[in-house]
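One structure is given here, and the rest of the page talks about it.
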Amino acid sequence: MEKIKKLIGKNVYLGPVPKKNISKLVKWMNDLDVAMYTCQATRKHTIETSKKFQEECLNDMSIHYYGIFTNDGNLIGGLDLREIDSINRTASLGIIIGEKEYWDKGYGTESTKLLLDYGFNILNLNNIMLEVFDFNPRAIRVYEKCGFKIIGKRRKSKFFNGKYYDEIFMDILAKEFNNLKLKK
Ligand SMILES: CC(C)(COP(=O)(O)OP(=O)(O)OC[C@H]1O[C@@H](n2cnc3c(N)ncnc32)[C@H](O)[C@@H]1OP(=O)(O)O)[C@@H](O)C(=O)NCCC(=O)NCCS
């Protein structure tokens, strides 16, 4: 099948998720090793809910969801810009690499930079923010490598496995992002 590449990096590209791959999204969201780091662990995920989400994304201009593919076309994760506010030029970012054997190989950092480039230079955003649990130092490291800064935290707002954790808020401005592949 032809690969549809929207944003092309060195080791990954971002593009729409083909219908035949929807079961992968469901698998990731039901894998607690992955979902525990997101707000999806407590939700129900089936083929139907995933199909519905994909359809909503098509009709909703406030969400841009893309699959993360290795160069050989293997879908390993997904990421999105959501709550896009075109008046104030703001959005929120989320990412998962659902295939765990691909963690710690640089794919998350490269994909996040590609999406930031798209957000700032194609969608004309000015501020992109995200939330991350304090028990996820890998993700925090990725976001710092991309230029995000910690702007605050909500204390003891995540109750998980018998313990409270903080939610950390991070953001980045267009002028702080210096990986301007698209602009070049
Ligand atoms: C978080 C995630 C997107 C990161 O993607 P990735 O491809 O694994 O990350 P990268 O390989 O690009 O970078 C990982 C970095 O974290 C570092 N790291 C890994 N484990 C770490 C730890 N326990 N503490 C501190 N840093 C850590 C790595 O060394 C690397 O940094 P470096 O390049 O300076 O050495 C991915 O692991 C994932 O999807 N995890 C599950 C879902 C999730 O957490 N989503 C984010 C929710 S906010």
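Values in this text are rule-based calculations from the coordinates and carry no lab data. Keep in mind the model is a prediction, meaning the values are calculated, not measured. Cβ coordinates were reconstructed from backbone atoms using ideal geometry, including for glycine residues, and neighbour counts include every protein chain displayed.
Label-to-label distance, Asp85 versus Asn124, with points set 7 angstrom from Cα along the beta-carbon direction: 1.7 nm.
In a fully extended conformation the segment linking Lys19 and Ile151 would gain 43.8 nm over its present Cα-Cα distance, using 0.36 nm per residue. Were the residues from Asn161 through Ala41 laid out at 0.36 nm apart, the gain over their Cα-Cα distance would be 42.0 nm.
Helical content of the chain, expressed as a calculated mean residue ellipticity at 222 nm, amounts to -8000 deg cm²/dmol (DSSP H runs of 4 or more residues, -39,500 (n - 2.57) each, divided by residue number, nearest 500).
Comparing Ile151, Ile63, Ile87 in a Gaussian network model of the chain (Cα springs below 10 Å), the most mobile by mean-square fluctuation is Ile87. Extension gain, Lys51-Leu173: 0.36 nm per intervening residue step, less the Cα-Cα distance, totals 40.7 nm. Taking the chain as a Gaussian network of alpha-carbon nodes connected by springs under 10 Å, the highest mean-square fluctuation of the residues Leu58, Leu79, Leu25 belongs to Leu58.
If you add up the charges near Ile63, with Lys and Arg at +1 and Asp and Glu at -1, over every other residue whose beta carbon is less than 14 angstrom from its beta carbon, what do you get? Walk me through the intermediate numbers first.
Details: positive: Lys52, Arg82; negative: Glu55, Glu56, Asp60, Asp80, Glu83, Asp85.
Around Ile63, the surrounding residues sum to -4.
Farthest towards the positive end of the charge dipole of the range 7-176, among the residues Asn30, Leu14, Tyr65, is the Cα of Asn30, using unit charges on the Cβ of Lys, Arg, Asp and Glu.
Spherically averaged projected area of the convex hull of Cα atoms, the range 7-176: 9.8 nm².
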